[in-house]
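Since the structure comes first, as structure tokens, the remarks are kept for the end.
The values are calculated or read from the model by the stated rules, or taken from the named source; none is laboratory data. Quick caveat: nothing in here was measured; it's all calculated off a predicted structure. Cβ: placed from backbone, ideal geometry, glycine included. Neighbour counts: every protein chain shown. Remember, those area values only see protein heavy atoms, side chains included, never the ligands or the DNA or RNA. Shrake-Rupley method; radii C 1.70, N 1.55, O 1.52, S 1.80 Å.
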Amino acid sequence: KNSKKNIHIHTIKTVLLVLSIHQFSTVSARPSNVIENAHLGTAGKLFHGLYEQFHTGVSNIPSWLGVGEPTEPTKVKVNIVGLGRTGTTSLAVAMDLLGYTVLHDEETPRVYDLYRDFYAGKISDNALHEGLGNRGFNATFRSTNVDWASKQDDVKVILTVRDDVSRWVDSWRSVAYLGDLLHSAPFSWVPSARGLRAYREHAWKYVPTGGRPELYMDPETLREGYHLHYNNVIESIPKDRLLIFNVKQGWEPLCDFLDVPVPDVPFPFVNDKTKVRGLMLCYEIIVMIFMPWPLYLVLIASW
């Protein structure tokens, strides 16, 4: 009987682990296609975001298990320092199309050990970026490393911006609590999710608030934090290595800055607020399902 119970418990743990691996993305799932479903209504975009988050998580399980295709070592050539919800996901898709190997939300679990060691003080900022390059990434999205980028003469820097700071505040507040969700089961059971906690706190709470993480949902604090980050970037990065970019500008300024040809495809615009609500709903549902997990174990043990 005990052997049977152990099998049941082992089985359920395996299932929970596979499901929790889905959290590979953070703020949003980057679409594999570049054509946003603009024809969908509000409900359609909501459910599309919900579906996409599940689908991308499952499809990326191999990379989590270390069986993905190996990548050639390189160096970080472009660093995007814009805050979340400033068009970074659209820019990530665009950088994919331009041939860069992008480190954005979806890829961070693959390098969680580097982030973990960096925030634990075990490796330097230079060692962190060398490690990211050795893992094959040459374009990184990190709003937290303006100081490092300012000292790299061979690294180009892109600051993504929004037209209206107040609209950015509303948009960011709709996803800012994701870090709290990722501290809950089943996500908290995954080593990579735990290893990225310090990075998430820094990127999602400290930087957007100008160093006041306890006020990460306060509109006025976020508004001030946006301007502080903007000013820090333009004061730190030499003008010849900096592009201040609104995704509404499209391909031309981006390709001119990177010295690459303009692709013969429309510039991608992804993750509007309704679709992002669907993405967040995916996390909320999973956390709600697993909230009474001790009860599930009791029921399984009683089989």
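Amide H contacts of LEU243 (H built 1.01 Å from N, in plane; Pro and chain starts excluded): VAL157, ILE158, LEU159 sit under 5 Å, all sequence-distant by 5 or more or on other chains.
Taking all protein chains as they are arranged and a probe of 1.4 Å, the heavy atoms of ILE300 leave approximately 10 Å² accessible to solvent. Couplings 3J(HN,Hα) for the stretch 205-221, derived from phi with the Karplus relation 6.51 cos²θ - 1.76 cosθ + 1.60 (θ = phi - 60°), are 10, 6, 5, x, 9, x, x, 10, x, 5, 10, 5, 10, 7, x, 5, 5 Hz, where x marks Gly and Pro. Heavy-atom accessible area for GLU201, with the other protein chains in place and a 1.4 Å probe, reaches approximately 70 Å². Sparsely packed loop sites in the stretch 222-277 (the trypsin sites (Lys or Arg not before Pro) outside DSSP H, G, I, E and B with at most 15 other Cβ atoms within 10 Å) do not occur.
The HN-Hα couplings worked out from phi for the stretch 235-251 by the Karplus form 6.51 cos²θ - 1.76 cosθ + 1.60 (θ = phi - 60°) are 7, 9, 9, x, 4, 6, 10, 10, 10, 8, 10, 9, 4, 5, 6, x, 5 Hz, whole numbers, x standing for Gly and Pro. Distant-in-sequence amide contacts of THR71, defined by a placed amide H-H separation under 5 Å and a gap of 5 or more residues or a different chain, comprise nothing.
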